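The values are calculated or read from the model by the stated rules, or taken from the named source; none is laboratory data. Predicted, not measured: the structure shown is a model, and the values here were computed from it. Neighbour counts are summed over all protein chains in view; Cβ atoms, including those assigned to glycine, are modelled from backbone coordinates with ideal geometry.
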Amino acid sequence: MSLVLSHAYYLFEDPKEVKIMKPYPPLGLLYVSGYLKANNIENHLFDSTFSNQKEQLAFIEKTQPKVIALYTNLMTKVNVIKLIKILKSEAQYGFPKIVLGGPDITYNIDNYLKAGAHFLIIGEGEETMAELYNAIISNTEKSEVNGIAFNENGQVVKTPGRIKMKDLSDLPLPNREEISIEKYLKTWKDNHGKSSMTVSTQRGCPYTCKWCSTAVYGQSYRRRPAKKVVEELIMLQKRYNPDTVWFVDDVFTVSHKWIKEFHSEIKEQGVSISYECITRAERLNDEVLKLLKESGCYRIWIGAESGSQKIIDAMDRRVSVETVQQTINKANDLGIETGTFIMLGYPGEDEKDVNQTIDHLKKSNPTHYTITIAYPIKGTSLYSEIEKDITVQPNWETSTDREIDFKRTYNKKYYDYAVRRVVNEVEAFKTDSFLKKIKLKTKSILSLMVMKFYKIAS
């Protein structure tokens, strides 16, 4: 086995994800595997999601690959680095060439090379992985491969950036046959009563949200033909029969023209599919909502991040709070489930902004919502803006960007309790149970009291 693709996410080592139990296959790696296969490069993908490092290393020892390529992101970085150090120090694994790719690479080139990686893929991985693998196996000049970085004679060599794929029409489908999709479907079914699979229809995002990383696909918009997407859905139904599909695109309705074509293909090919997607409020109108529902959309996630216009503007979201609220309400009225994302602790956020977010969630009343505390990802505009105000910068090899803290309006503990207050206030608003409402309101008041304490302490 000359080439093994893998990652270092181990589900059962992640208590939060074990509680949620909504794992999805590594779609990016499956795309790389599919592209390599289409170009006659034999490869095997070791999916570590339901496995562990011990089993992963046993597989590498058994197969003795000449090249091992690891997908790396913010969540898996620490495990990836541990894996690198083992592969580079223990002879039984054959000392393979180690290639890393993924969103955490682009702005951490020096760090990953110092950690022991031989080659880094910057940006989209399919074409670059194919060329780099051939160069490694044939021992030809690596500097002629665009889109990579490596060490040579003690110096970091970064080759010219690769031009992104403009036409996704002929992009091979993800090589789903290479892993056990059935494990994912069963996990979903056992824990949630229905199974789910992921599908990608586009690459890139043309928007400018300051906290969002565009390290792999860039600030662009490239789309697969609607006909090809529907054909993939038909294939997935025949092969795996998932109950639902999750479109992983950043802004599913960015192009109304494409949505109309997708709707037409769904109807013409007689496809019955249940799906959910993410989009922006201003890219939804009455017609688009109708098309989404008719084509099978049962849930729409609509970005909001805050109920404060001041904070939304600071994020460069380029949307009004009122537009978000109205759009969520329209989707609710159509019988489409709604979801939204909230971020607390953004630079400049104060108590008034938190209260406005609570009011926003009550007015929009989404079916689902998630809340995170803002953290700066290296390479984003947010990171550049707060870099001088960083107060906690843990050791890079043993931490993630989530652990970076910076000077906020109030200290981080304030926002930890702000999350609790928002949840308790919103859930009290949603419940019809008087006793539950009183209990939640009490928790909200207690959270507010602690927030006041940390506000003074700040």
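Output the helices (runs of 4 or more DSSP H) that fall wholly within region 276-359 and possess 2 or more residues being in the same structural domain as W211 (by TED's automatic domain parsing) and of a type in the set (K, R), or say none. Answer list for region 276-359: 286-294. Would you be able to say whether some residue in region 79-99 is at pLDDT below 95, buried (at least 16 other Cβ atoms within 10 Å of the Cβ), in contact with a helix residue (DSSP H, G or I) (Cβ under 6 Å, 6 or more places away or on another chain) and in the same structural domain as F119 (by TED's automatic domain parsing)? Checking region 79-99: not a single residue is at pLDDT below 95, buried (at least 16 other Cβ atoms within 10 Å of the Cβ), in contact with a helix residue (DSSP H, G or I) (Cβ under 6 Å, 6 or more places away or on another chain) and in the same structural domain as F119 (by TED's automatic domain parsing).
Of all residues in region 341-382, those satisfying the criterion of being under 22 Å from T208 (Cβ atoms), crowded, with 17+ Cβ neighbours inside 10 Å and over 18 Å from the mean Cα position of the chain (by Cα) are L344, G345, Y346, P347, E349, D353, T357, H360. Regarding E265, is this residue under 29 Å from Y415 (Cα atoms) and not basic (K, R)? The answer is no for E265. The number of residues in region 383-411 that are crowded, with 19+ Cβ neighbours inside 10 Å and closer than 30 Å to K439 by Cα comes to 1. Scanning region 123-133 for residues that are closer than 14 Å to G28 by Cβ and of a type outside the set (D, E, K, R) turns up G123, G125, T128, M129.
Filtering region 7-33 to residues that are among the small types (G, A, S) and more than 25 Å from L168 (Cβ to Cβ) leaves only A8.
Residues in region 49-64 that are in a loop (DSSP other than H, G, I, E, B) and either within 15 Å of L100 (Cβ to Cβ) or of a type in the set (V, I, T) (or both): T49 only. Does I273 count as buried (at least 16 other Cβ atoms within 10 Å of the Cβ) and part of a helix (DSSP H, G or I)? No: the conditions fail for I273.
Scanning region 181-220 for residues that are part of a strand (DSSP E or B) and crowded, with 19+ Cβ neighbours inside 10 Å yields a total of 5. Note on region 413-438: residues that are surrounded by 19 or more Cβ atoms within 10 Å (Cβ to Cβ) and of a type in the set (D, E, K, R) total 2. Of all residues in region 361-384, those that are part of a loop (DSSP other than H, G, I, E, B) and under 13 Å from Y346 (Cβ atoms) total 4. Put simply, of L173, L236 the only residue that is under 21 Å from the mean Cα position of the chain (by Cα) and either of a type outside the set (S, T, N, Q) or surrounded by fewer than 18 Cβ atoms within 10 Å (Cβ to Cβ) (or both) is L173. Has region 173-184 got any residue that is free of Cβ contacts under 8 Å to residues at least 24 places away in the same chain and either in the same structural domain as F46 (by TED's automatic domain parsing) or under 26 Å from S220 (Cβ atoms) (or both)? No, region 173-184 contains no residue that is free of Cβ contacts under 8 Å to residues at least 24 places away in the same chain and either in the same structural domain as F46 (by TED's automatic domain parsing) or under 26 Å from S220 (Cβ atoms) (or both).
If the condition is being over 25 Å from Y207 (Cβ atoms) and either basic (K, R) or assigned to a loop (DSSP other than H, G, I, E, B) (or both), then region 385-418 contributes K388, Q393, P394, N395, S399, K407, T409, Y410, N411, K412, K413.
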